[in-house]
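A.B. asks: The structure is given below, and queries will be raised subsequently.
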């Protein structure tokens, strides 16, 4: 894979789990990394320390990325500290396992806003600089739930399916401008989000184990360094869903 030297990346929800693994992997490939978090400041600083130990610059920024005003404030801080963002990883999200009869309209709207609206708000905010530069790499963290329903609930599955649809739209609209847009659809990666869900067991995975965060992070780096892949969903799922 190519080098990301001189590039600035933003990973939303990077205080832990997949976001942390992706932030560190991008730094290993040479990128400076902006680390967004919403609530876990100490863990976000740990991610930043890991990036700095690799000799790259890091900027920690608190923001609720489902809030447009906070996204604007985050963008200003990142640009001032690290320059224009060339690589955007939309990773922030929540999973709220619920039985069908328990899901309220409020639950549905909250999951959609945090998982899907945030992707729209952050992408829209950072796209202008990418279009001026005629270069950008956008990677969206969807889920196998978009393809098979998953183990969280229809609200989560709908939000993750929406991410794939939005990925297709942006990829199609930006393909002539040097900007690639792709999605990753993981399944049951061994993170806090998965291990806290009693419905998520390794027995659901044909490979027979949970995935590792670094196995997803390596795909994110590949998409950040490849200029010919766009509009695709890369499945990292141990064989749960097999696409043609």
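Values in this text are rule-based calculations from the coordinates and carry no lab data. Remember, predicted model here, so these are calculated numbers, not experimental data. Backbone-built Cβ (ideal geometry, glycine too); neighbour counts: all protein chains shown.
A.B. asks: Among the residues of the stretch 59-74, count how many are within 14 Å of residue 85 (Cβ to Cβ) and in contact with a helix residue (DSSP H, G or I) (Cβ under 7 Å, 6 or more places away or on another chain).
C.D. replies: 6
A.B. asks: Restricting to the stretch 132-150, and then to whatever is assigned to a loop (DSSP other than H, G, I, E, B) and more than 15 Å from the chain's Cα centre (by Cα), can you tell me which residue is surrounded by the fewest Cβ atoms within 10 Å (Cβ to Cβ)?
C.D. replies: Applying the filter and picking the extreme gives 134.
A.B. asks: Then there's this: If residue 165 satisfies all but one of (1) more than 16 Å from the chain's Cα centre (by Cα); (2) without any contact (Cβ under 8 Å) to a residue 24 or more places away in the chain, what's the number of the condition it fails?
C.D. replies: For residue 165, the failing item is (1).
A.B. asks: Need the failing condition index for residue 92 against (1) assigned to a loop (DSSP other than H, G, I, E, B); (2) within 21 Å of residue 201 (Cβ to Cβ), just the number.
C.D. replies: Failed condition: (2).
A.B. asks: Follow-up question, since we're still on this one. With the checklist (1) within 25 Å of residue 228 (Cα to Cα); (2) assigned to a helix (DSSP H, G or I); (3) under 19 Å from the mean Cα position of the chain (by Cα) in hand, flag the one item residue 129 doesn't pass.
C.D. replies: (3)
A.B. asks: When you scan the stretch 60-74, do you find a residue that is free of Cβ contacts under 8 Å to residues at least 40 places away in the same chain, in contact with a strand residue (DSSP E or B) (Cβ under 8 Å, 6 or more places away or on another chain) and surrounded by fewer than 16 Cβ atoms within 10 Å (Cβ to Cβ), even just one?
C.D. replies: Looking through the stretch 60-74, none of the residues is free of Cβ contacts under 8 Å to residues at least 40 places away in the same chain, in contact with a strand residue (DSSP E or B) (Cβ under 8 Å, 6 or more places away or on another chain) and surrounded by fewer than 16 Cβ atoms within 10 Å (Cβ to Cβ).
A.B. asks: If I go through the stretch 78-117 residue by residue, how many of them are over 16 Å from residue 157 (Cβ atoms), surrounded by 18 or more Cβ atoms within 10 Å (Cβ to Cβ) and touching a helix residue (DSSP H, G or I) at 6+ places or on another chain (Cβ under 8 Å)?
C.D. replies: Residues in the stretch 78-117 being over 16 Å from residue 157 (Cβ atoms), surrounded by 18 or more Cβ atoms within 10 Å (Cβ to Cβ) and touching a helix residue (DSSP H, G or I) at 6+ places or on another chain (Cβ under 8 Å): 8 in total.
A.B. asks: A further question follows. Give the stretch 13-22 a look and list any residue that's in contact with a helix residue (DSSP H, G or I) (Cβ under 6 Å, 6 or more places away or on another chain) and either closer than 20 Å to residue 125 by Cα or assigned to a loop (DSSP other than H, G, I, E, B) (or both), or say none.
C.D. replies: Correct list: 13, 14, 15, 16.
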